[in-house]
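These notes are about the structure you will find just below.
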Amino acid sequence: MSEAVDWSWLRTTIPVVDMSMYLDMPEDVARTVEIRDGMIVHCESPSPNHVAISDNIKAALREAVAKRPEGAPCLRASGELDMLVSDVPFHYKRPDAIVYRCIDEPRGKWKTKPTAADTLLVVEVVSPNTISADLVEKRAEYARLGIQHYWIVRMVQDDGPVTSIEMLRLAADGTYVRETTALRARGDAMAVDVLDPLDVTISWNQLDLGLD
């Protein structure tokens with residue numbers, strides 16, 4: 001007969017985490033969690049192909065930012081960067097890629113990291129353990145936060161290469177509408193070819209760099 005499961009840990013008080021507590025976490029611990037409404041959520045490490053695709057998208061977005069004309073509003077492109085949703089309760093997201101308005105002066109403890117209000121584009125690469133979150137939960141939350149553009153990247157069997165990129169734009173009613181979807185199987189020439197929020201093109205071959 002198997003031993004009874006010890007459920008005593010459920011009786012332990014789960015700490016509510018605020019921004020100060022999170023910023024005091026060791027870096028190796030902080031990178032393995034997200035904080036949602038003060039609650040710790042453990043995040044599974046993405047696959048090497050997921051990381052490679054995210055890196056390729058970030059590189060293309062950074063290149064597009066660098067090519068913006070002189071005098072254009074300052075933008076930054078990054079990835080795996082905490083985006084503040086709310087201070088109290090403390091809540092942030094960590095998109096695979098993000099484009100946001102430059103922040104010139106540190107803003108309290110969050111310093112020069114972006115908030116949702118600063119953000120123009122978020123990109124999520126769908127993994128087996130994030131399908132519902134990326135396709136449903138984050139879609140609704142990013143729309144509620146007023147983020148104008150959301151790209152959803154799908155991989156073959158959710159582990160690369162990229163098979164489609166769905167590009168959503170925030171509509172007047174506060175929900176996302178599909179602006180375009182690039183499909184590799186359909187023979188679309190480019191995976192990304194847009195002017196807003198950045199003038200950026202990304203080929204399927206670019207997205208394949210570094211894949212297993």
Query raised in the report: Restricted to the range 107-123, and to residues that are under 14 Å from Ser86 (Cα atoms) and either touching a Pro at 6+ places or on another chain (Cβ under 8 Å) or among the hydrophobic types (A, V, I, L, M, F, W, C) (or both), which residue is surrounded by the most Cβ atoms within 10 Å (Cβ to Cβ)?
Result: Ala116
Report task. Within the range 168-193, track down each residue that is surrounded by fewer than 20 Cβ atoms within 10 Å (Cβ to Cβ), among the hydrophobic types (A, V, I, L, M, F, W, C) and modelled with pLDDT of 95 or more. Result -> Leu170, Ala171, Ala172, Val177, Leu183, Ala185, Met190
Requested in this report: Considering each of Leu81, Leu121 in turn, give the residue that is within 17 Å of Arg36 (Cα to Cα), among the aliphatic types (A, V, I, L, M) and under 11 Å from the mean Cα position of the chain (by Cα).
Outcome: Leu81
**Report entry** Close pairs from the range 31-51: first over 23 Å from Val16 (Cβ atoms), partner acidic (Asp, Glu) and assigned to a loop (DSSP other than H, G, I, E, B), Cβ under 6 Å, at least 6 apart
**Finding:** Ser47/Asp159; Asn49/Asp159; Asn49/Asp212
Query raised in the report: Does Leu198 satisfy the criteria of being of a type in the set (A, V, I, L, M), on the phi < 0 side of the Ramachandran plot, assigned to a loop (DSSP other than H, G, I, E, B) and touching a residue at least 40 places away in the same chain (Cβ under 8 Å)?
Result: yes
Query raised in the report: Name the pairs: first residue in the range 63-84 and in contact (Cβ under 8 Å) with a residue 12 or more places away in the chain and of a type in the set (Ser, Thr, Tyr), second residue surrounded by 11 or more Cβ atoms within 10 Å (Cβ to Cβ) and part of a loop (DSSP other than H, G, I, E, B), Cβ to Cβ under 8 Å, at least 6 apart or on different chains?
Result: none
Requested in this report: Of all residues in the range 1-55, count the ones that are part of a helix (DSSP H, G or I) and under 21 Å from the mean Cα position of the chain (by Cα).
Outcome: 15
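The values are calculated or read from the model by the stated rules, or taken from the named source; none is laboratory data. On a predicted model such as this, the values are computed, not experimentally measured, just so you know. Cβ atoms come from the backbone with ideal geometry, glycine included; neighbour counts cover every protein chain shown.
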